[in-house]
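Following: one structure in structure tokens, then a few remarks.
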Amino acid sequence: MIPDDVIEQVRDAADLVGIVSETVELKRSGSDYRGRCPFHGGTHRNFAVIPKKGMFYCFVCHEAGDVFTYFMKRLGMDYPTAVREVARRVGITIPERPGPTGPDPREPLFTAVATAADWFARQLRESPEGEVARKYLESRHVTMEQAQVQGLGFGPRGSGFLDAMKGLGLRDEVLLEAGLVVKRDDGTKVPRFRGRLLFPIHDLRSRVVAFSGRILGEGEPKYLNSPETPIFRKGQLLYNLHLAKHGMRKAERAILVEGQFDVLRLTLAGLEEVVAPLGTGLTDEQAALLQRHAPQVILLYDSDDAGLRATFRAGDVLLRHKLRVSVATLPEGEDPDTLVQNKGAAALEQALKDSVDILERKIQIASRKGFLGSLSGRRRALDRILPTLRATADRTTRGLYISRTAEALGLRSDAVESEIGTTPEPSEKAAWFRAAASAAAANEIPPSGAERDLLLLMLESPAWKDRVLKEVDMPEIENDGYRQVFEAIADNVPEQLNEMTARVYEYLQQRGLEGRNPDEVFAGAMERIEVRSIERQLDEVNRKLPFATDDEKATLAHEKVRLAAERNAKRPTYGIIQSARRKGAPGS
Ligand SMILES: [Zn+2]
């Protein structure tokens, strides 16, 4: 096996235009080169070489690929031979590895997925059933030519796919292992992607390894990805990274967007350094991948609340990997796709130019919410900023962030620093997950009854979900695992939960309210959370006292008396609920 970074080095060094020119007469056409296709031997200049992407594409016979694929398809070489041939031409020595060098056992899977990709692309171009996909692309202002260069495809309903793959000699077991086919309970096999527009997902060697399929018309889920397979580990890849990595090195930044359509639109608008996670929250491995190619990431997510939450979640992961992180803010109601369509590439450029550092963005939001004007607001703002400070692994950045936070909130730096220290240890979090998982397994109750009850209500019905979302602020869910589940339910993305939290989610779904009256459950949970919140506020008053001026001290003392009275007024009923729970009355 040739190491990935050597392969990348060879690809970067290769002169695709020069290599193709040896046998095809190419003429410059804008930033691309055009010539007669060497594969189908046409007479018109339908064959494009796109040096910026290191790709070739024929608009007639649809042969496509990079410099390695070019040698494989032209001269019938296998992949390692093609890499060695190109390496020889650019003068890079490939280290000979001792040990077994047999063929990659995963080769049949790569072949199956590549064959499927070609077939899906053909369905999109010409099958009558593909009309729904062509219409859809048209409605989103993507031309067929653009769709073809991006390798988009269409997975029809019915058995056409299975018949075609069988005709091409692909065995069922391979199709199953490649995630292209699903086995139903009754043993019958059906194509995984039915009635979906398909985006191919490439690995860093530009081989198709999986698909992401968008439903056309009614159906769930909206996006369906290939499952994990021996050639597809979704946490370890980013959508479009195989092309974006070149642009990332040049621009010294990556632009992270939420979905495939955003990538497509931004690519068409001329940006090369655009990538997206694959239907999950950003993983540590993905952040590490980004870090290898660029020092800075601009987050360009939707501007709604869910988008903002996803932005800060991704930001924390990136900061842990010492990346510089900025946030680009889109005008109200726009996502990257609609922005480019409605207002053009210039509006996008402006949004990127106006992007601000992620910490600055948090301070901006706190300021717009009026948090900075009051003592309790500043406390709240600090609580929201703390995760960012804790995530920041780069020491210099962290130091700057601490002074900036102290300045914005009118605190002393050492006070901010000591707050960072009060973070729960990661091992504590892990302990909770273990506890929750084993509790779920033993059919017992994970900790934090009130928080759990609120989640159960959110799962009870859309109406209850809305009510909980309206009355409960996310930071009020203090248990880290439950908060992740809360966010996932709020944003309608349970599929983005990690393995542990997904188990908790499933456990809650199965458990349900068990016949309890939802109104009572809600009242009980809210009361417990309110009491806890008052106690928390009392703690905060105590924590604020050292920072306060004499004037503020008087106000705080007042506040303390008021909170204590409020808590005492709640406590009697709280106590009744507690004793009722102990007796096993309804509500337990
Ligand atoms: Zn051709």
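The values are calculated or read from the model by the stated rules, or taken from the named source; none is laboratory data. Quantities reported herein were computed from a predicted structural model and do not represent experimental measurements. Positions of Cβ are backbone-derived with ideal geometry, glycine not excepted, and every protein chain shown enters the neighbour counts. For accessibility, only protein heavy atoms count, side chains too; no ligands or nucleic acids. Shrake-Rupley method; radii C 1.70, N 1.55, O 1.52, S 1.80 Å.
Quick rundown of the values:
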quantity: Dimensionless Rg ratio for the range 215-259, taking C-alpha atoms and the 2.2 N^0.38 Å reference; calculated: 1.53
quantity: Qualifying trypsin sites (Lys or Arg not before Pro) in the range 100-198, DSSP loop, other Cβ atoms within 10 Å at most 15; calculated: 106, 140, 157, 171, 184
quantity: Members of 470/553; 362/570; 73/166; 322/353 lying beyond 25 Å, as alpha-carbon distances in this model show; calculated: 470/553; 362/570
quantity: Principal-axis tilt of helix 79-90 within the chain, Cα atoms, nearest 10 degrees; calculated: 80
quantity: Mean accessible surface per residue for the chain, computed with a 1.4 Å probe while every protein chain stays in place, in Å²; calculated: 48
quantity: Helix 284-293 vs. the chain, principal-axis angle (Cα, 0 to 90°, nearest 10); calculated: 50
quantity: Reach of residue 53 by Cα under 18 Å, taken over lysines that are not fewer than 8 positions away in the same chain; calculated: 27, 245, 250
quantity: Base-10 log of normalised Debye intensity for the range 114-242 (one unit scatterer per alpha-carbon) at q = 0.17, 0.21 Å⁻¹; calculated: -0.89, -1.36
quantity: Longest to shortest principal axis, alpha-carbon extents of the range 313-433, angstrom; calculated: 46, 36, 29
quantity: Cross-link partners of residue 52 among aspartates and glutamates (Cα-Cα below 12 Å; sequence separation of 8 or more within a chain); calculated: 12, 15, 32, 66, 272, 273
quantity: Given charges at beta-carbon only (K, R positive; D, E negative), |dipole| of the range 249-372 in Debye; calculated: 460
quantity: In degrees, nearest ten, helix 395-409 long axis to first principal axis of the chain (Cα); calculated: 40
quantity: Residue 144 - accessible surface, heavy atoms, 1.4 Å probe, Å² rounded to 10; calculated: 50
quantity: Cut-off under 5 Å, modelled amide H: who pairs with residue 322 long-range; calculated: 393, 394
quantity: Cleavage-rule hits, GluC sites (Glu not before Pro), the range 486-540, DSSP coil, Cβ neighbours within 10 Å at most 10; calculated: 514
quantity: GluC sites (Glu not before Pro) restricted to the range 132-199 and DSSP loop, no more than 10 other C-beta within 10 Å; calculated: none
quantity: Residue 511 - accessible surface, heavy atoms, 1.4 Å probe, Å² rounded to 10; calculated: 40
quantity: Quotient of C-alpha Rg and 2.2 N^0.38 Å, computed over the range 51-186; calculated: 1.27
quantity: 5 Å binning of all Cα-Cα separations within the range 32-117, expressed as whole percents from 0 upward; calculated: 3, 12, 17, 22, 19, 14, 8, 4, 2, 0
quantity: Share of carbon and sulfur in the accessible heavy-atom surface of the chain [1.4 Å probe, %]; calculated: 50
quantity: The chain: antiparallel DSSP beta bridges as a percent of all, rounded to 5; calculated: 80
quantity: Normalised convex hull volume, the range 444-524, alpha-carbon set, Å³ per residue; calculated: 91
quantity: Size-normalised alpha-carbon gyration radius of the chain, reference 2.2 N^0.38 Å; calculated: 1.12
